[in-house]
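Here is the structure we will look at, set down as structure tokens.
None of the figures in this text is laboratory data; all of them are computed from the coordinates on show. Fair warning: this is a prediction, and the values are worked out from it, not measured in the lab. Every residue, glycine as well, gets a Cβ built from its backbone with ideal geometry; the counts of neighbours run over all protein chains shown.
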Amino acid sequence: MLLFRIIPALTIAVVTMLPPECYATQLHASSEGIITHQAGHLFFLFSMVALILTISGKNLGSQKGWRLIQYSAFFFVLWNLDAFTAHFLDNQIHAVRIENISLWTLDIVTYNDSQLLGFAYYILKLDHLLCVPAMLFLYKGISNLVNDHKKQISVNSK
């Protein structure tokens, strides 16, 4: 029966590790798509700012769960600023373009061959370094609030 566990796991590993095409980056062919996408980033950014201000205004940050959610919102603000800027550079003003050289090599081509812009764009494309901590803080914050609520219910029911 161990075989029934190993074969699906190996199949999933092969399928996810060697995809024929990878669509991890969303590109927009026309201006309507990128404008709507950018509006979504701005809406999410302002929503996270509102969440931070609400948590601070209601003094919820004294509870660990809410404090972690506030950290999450801060990282989501940074992520949205990062993603908005990267989209602006590559999809709106076309100052940066990525060229596939080989399977493992990409070239960042910039307007006027600016190395500084190329380096800045490269750093901007590492947006997962902001998004992943945001999601982890959100998960830990919600988990902490749920655990606190369970403790409160068990104390009240006694």
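Report the gain in length on full extension from F88 to S31: 0.36 nm times residue separation, minus Cα-Cα distance, nm rounded to one decimal.
Working: separation 57, 0.36 × 57 = 20.52 nm, distance 1.14 nm.
Working it through step by step, the gained length comes to 19.4 nm.
Once Rg and the Kirkwood radius are both taken over the C-alpha atoms of the chain, their ratio Rg/Rh works out to 1.11.
Work out the FRET efficiency for W104 and T11 from their Cβ-Cβ distance, taking R0 = 35 Å, and round it to the nearest 0.05. The partial results should precede the final answer.
Numbers: r = 24 Å, r/R0 = 0.69.
So, using R0 = 35 Å, E works out to roughly 0.90.
For the listed peptides 95-103, 51-59, 67-75, a ranking on the average number of other beta carbons within 10 Å per residue, highest first, reads 67-75, 51-59, 95-103. A full extension of the chain between L42 and S56 corresponds to an added length of 2.9 nm, given 0.36 nm per residue minus the alpha carbon distance. Highest GNM mean-square fluctuation among Q38, Q92, Q63, for the chain modelled with Cα contacts below 10 Å: Q63.
What residue among A95, V109, W79 has its Cα farthest toward the positive end of the dipole of the chain, where the charges are +1 on Lys, Arg and -1 on Asp, Glu, each on the Cβ? Positive-most Cα among the choices belongs to W79. What is the projected area of the convex hull of the Cα atoms of segment 38-106, averaged over all directions, in nm²? That works out to 6.3 nm², a quarter of the Cα hull's surface.
Here the simple spin-label model places points 7 Å from the Cα toward Cβ, and for K158 and V132 these points are separated by 4.1 nm.
Net charge dipole, segment 42-158: roughly 1020 debye, given to the nearest 20, about the Cα centre with Cβ charges of +1 for Lys and Arg and -1 for Asp and Glu.
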